[in-house]
1. Can you tell me which residue in the range 225-262 is least open to solvent (accessible area, probe 1.4 Å), limited to those that are out of contact with any helix residue (DSSP H, G or I) (no Cβ under 6 Å at 6 or more places or on another chain) and on the phi > 0 side of the Ramachandran plot?
2. Suppose the filter is open to solvent by less than 10 Å² (accessible area, probe 1.4 Å) and closer than 24 Å to residue 233 by Cα; does residue 91 pass it?
3. Return the only residue of 49, 45 being under 25 Å from residue 4 (Cα atoms), more than 8 Å from the ligand (Cβ to nearest atom), surrounded by fewer than 19 Cβ atoms within 10 Å (Cβ to Cβ) and among the polar types (S, T, N, Q).
4. Among residues belonging to the range 160-198 that are within 16 Å of the ligand (Cβ to nearest atom) and among the acidic types (Asp, Glu), point out the one that is nearest to residue 118 (Cα to Cα).
5. Could you please let me know if residue 17 is closer than 30 Å to residue 110 by Cα and more than 14 Å from the ligand (Cβ to nearest atom)?
6. Only residues that are touching a Lys or Arg at 6+ places or on another chain (Cβ under 8 Å), open to solvent by less than 60 Å² (accessible area, probe 1.4 Å) and part of a helix (DSSP H, G or I): list them for the range 124-176, please.
7. Return yes or no: is residue 6 open to solvent by less than 70 Å² (accessible area, probe 1.4 Å), farther than 15 Å from residue 140 by Cα and not aliphatic (A, V, I, L, M)?
8. Just one of (1) within 11 Å of the ligand (Cβ to nearest atom); (2) touching a Lys or Arg at 6+ places or on another chain (Cβ under 7 Å) trips up residue 36, so point out which.
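The values are calculated or read from the model by the stated rules, or taken from the named source; none is laboratory data. From a predicted model like this one, the values you see are computed outputs, not experimental measurements. No Cβ is skipped: glycine too gets one built from the backbone with ideal geometry, and neighbour counts run over all protein chains shown. The protein model used for the area step is the full one, side chains on, heavy atoms only, and it has no ligands, DNA or RNA in it. Shrake-Rupley method; radii C 1.70, N 1.55, O 1.52, S 1.80 Å.
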Amino acid sequence: MDLGIDGNAAIVTAGTAGLGLASAEALAEAGCDVAICGRDEDRLSRAESRVDEAGPGDVLALRADITEKDDVESFVGSAVDEFGRLDHVVTSAGGPPSGSFLDTDDEDWYDAYDLLVMSVVRTVRTAHPPLVEDGGGTIVNITSRSVQEVIDDLVLSNSVRRGVIGLMKSLSHDLAPEVRANAVLPGAHETSRIEELVEDAVERGDYEDYEAGLADWSEGVPLERVGDPRELGETVAWLSSDRSSYVNGAAVPVDGGSTRSV
Ligand SMILES: NC(=O)c1ccc[n+]([C@@H]2O[C@H](COP(=O)([O-])OP(=O)(O)OC[C@H]3O[C@@H](n4cnc5c(N)ncnc54)[C@H](OP(=O)(O)O)[C@@H]3O)[C@@H](O)[C@H]2O)c1
């Protein structure tokens, strides 16, 4: 399917691994110039090669910590300088630490808020002027299915991510009609984040080994498997494209059907 975004420019925060990287690759495949950011230099350079191979456009890979205001502003500004325009903003982030309520202190809650919510606030605030300058664009926030159904041992994700959905819904009104804002709610996809969560659970003694943990993550999924990050990336590219031109303010589950609530 032609997504109609060939020649557009996109940024993906925390786009050097996992779901952010898969989204960057899908946007590159659709013909966009793509800028990605992350903190680790090796991961940045590996991701830059992968996005470059995915499509014909230019790629910019910059070191930026999305919890730092100056880093976010400089990442967005550099992408606009390099590409001369901005059409699509995709926000991903690292995952907050796992654990239940009694495992957390104040600092954990403020850190999760900075990582998940303020990173999006600052990215959108900086990106908005260039987004509207060329006639508008799109925002897609990568969050989690935990905003619809709480997940055991992920109290920070269950609680703080809901702020991103409230923000996205507000943006879908405040920034329209020039800008559409949507979110994707991933279920389990096999990225390093999931590997980490399963390994943590193995360490806590919840599972015998990694395979047993991964099998458990697949268990409640009607499609009987965890997702391939590409499947999430392609949904992000579609929401960024003209093929979804009347979709605004939607929170789209990409979870193999595992969320039971409507
Ligand atoms: N994978 C899943 O199944 C799943 C399901 C539901 C929700 N999610 C959520 O979706 C998001 C992405 O997950 P993922 O699986 O793609 O994670 P991942 O594979 O661990 O990748 C996380 C990416 O974020 C970057 N990052 C982390 N903290 C950053 C920071 N402060 N500044 C800049 N970049 C940062 C990492 O690079 P550096 O470390 O080098 O900075 C890396 O590129 C997370 O919030 C996760 O909780 C994932």
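1. 256
2. yes
3. Going through 49, 45 in turn, the sole match is 49.
4. 196
5. In short, no.
6. 130, 146, 147, 172
7. No; evaluated as a whole, the condition is false for this residue.
8. Unmet condition: (2).
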